[in-house]
Amino acid sequence: MRSALEIIHQHAEEGARLRLAFFAENAHVVDAAALAMARSLAAGGKILVCGNGGSAADAQHMTGELLGRFLMERPSLPAVALTVDSSTLTAIGNDYGYEEVFARQVQGLGRAGDVLLAISTSGSSGNVLKAIEAARAAGLAVVGFTGKGGGRMADMCDHLVNVPSSHTPHIQEIHEAVMHLLCQLIDHYLFQNPAALSEAR
């Protein structure tokens, strides 16, 4: 039986190896997703975010950083977590079913040019998939956070952050790191180096 310290060290070492490998392979994906979000915001769009469980908390974390601030003082940026309005979630769930709780909000709040950040560690959460379908139908770009190969989300997103792991805690830890980088890069493109916003491809 492993000791508590062995559990800690194994988790830290495996997580560190995964983090280094992920960013070595996917830095360009993170940059492309940040650029898509920055361009949307620069054009008057907004960021919608959805996920279940821990990913719902990540959705709120992301929008909090955008509406408040991340590392620098700058104007508030428009972002909506689709996970926080209990009356809306329960009304839609009651009338249309749980799989529609995010899609209906995307239909009502999303506009062409906005970005949906859809988070599902498995890539197969029904309500997240429905939200992606609604986003694509309405002309939103879709950034997907997933793992375990991407599930059905793999072929549905414009920018896919797919963590190559089947261990949910490690997947979520990488998602958090990418989320923080998205916030920093959005600020970079909008306020620190705006010329790069038009130059980047």
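Of all the criteria given as (1) in contact with a helix residue (DSSP H, G or I) (Cβ under 9 Å, 6 or more places away or on another chain); (2) among the polar types (S, T, N, Q); (3) assigned to a loop (DSSP other than H, G, I, E, B), the one not satisfied by residue 146 is (3).
Any chance region 74-81 includes a residue that's in contact with a Phe, Trp or Tyr (Cβ under 6 Å, 6 or more places away or on another chain), part of a loop (DSSP other than H, G, I, E, B) and surrounded by fewer than 18 Cβ atoms within 10 Å (Cβ to Cβ)?
Yes, because at least one residue in region 74-81 is in contact with a Phe, Trp or Tyr (Cβ under 6 Å, 6 or more places away or on another chain), part of a loop (DSSP other than H, G, I, E, B) and surrounded by fewer than 18 Cβ atoms within 10 Å (Cβ to Cβ).
Applying the criterion of being surrounded by fewer than 17 Cβ atoms within 10 Å (Cβ to Cβ) and closer than 30 Å to residue 8 by Cβ to the residues of region 136-172, the residue that is modelled with the lowest pLDDT is 149. Within 24 Å of residue 159 (Cβ to Cβ), touching a Lys or Arg at 6+ places or on another chain (Cβ under 6 Å), without any contact (Cβ under 8 Å) to a residue 60 or more places away in the chain and surrounded by fewer than 18 Cβ atoms within 10 Å (Cβ to Cβ) - does that describe any residue in region 84-99? Among the residues of region 84-99, at least one is within 24 Å of residue 159 (Cβ to Cβ), touching a Lys or Arg at 6+ places or on another chain (Cβ under 6 Å), without any contact (Cβ under 8 Å) to a residue 60 or more places away in the chain and surrounded by fewer than 18 Cβ atoms within 10 Å (Cβ to Cβ), which makes the answer yes. Looking only at region 1-58, which residues are charged (D, E, K, R) and farther than 22 Å from residue 129 by Cβ? Hits for region 1-58 are 2, 6, 13, 14, 17, 19, 25, 31, 39. Any residue that is acidic (Asp, Glu), in contact with a Phe, Trp or Tyr (Cβ under 7 Å, 6 or more places away or on another chain), touching a residue at least 60 places away in the same chain (Cβ under 8 Å) and not in a strand (DSSP E or B) - is there at least one of those in region 169-184? No, region 169-184 contains no residue that is acidic (Asp, Glu), in contact with a Phe, Trp or Tyr (Cβ under 7 Å, 6 or more places away or on another chain), touching a residue at least 60 places away in the same chain (Cβ under 8 Å) and not in a strand (DSSP E or B).
Residue-wise test of (1) within 17 Å of residue 181 (Cα to Cα); (2) of a type in the set (Lys, Arg).
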site: 4; (1), (2): no, no
site: 23; (1), (2): yes, no
site: 46; (1), (2): no, yes
site: 53; (1), (2): no, no
site: 69; (1), (2): yes, yes
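The values are calculated or read from the model by the stated rules, or taken from the named source; none is laboratory data. Keep in mind the model is a prediction, meaning the values are calculated, not measured. Don't worry about glycine lacking a Cβ; one is built from the backbone with ideal geometry, like all the others, and counts go over all protein chains shown.
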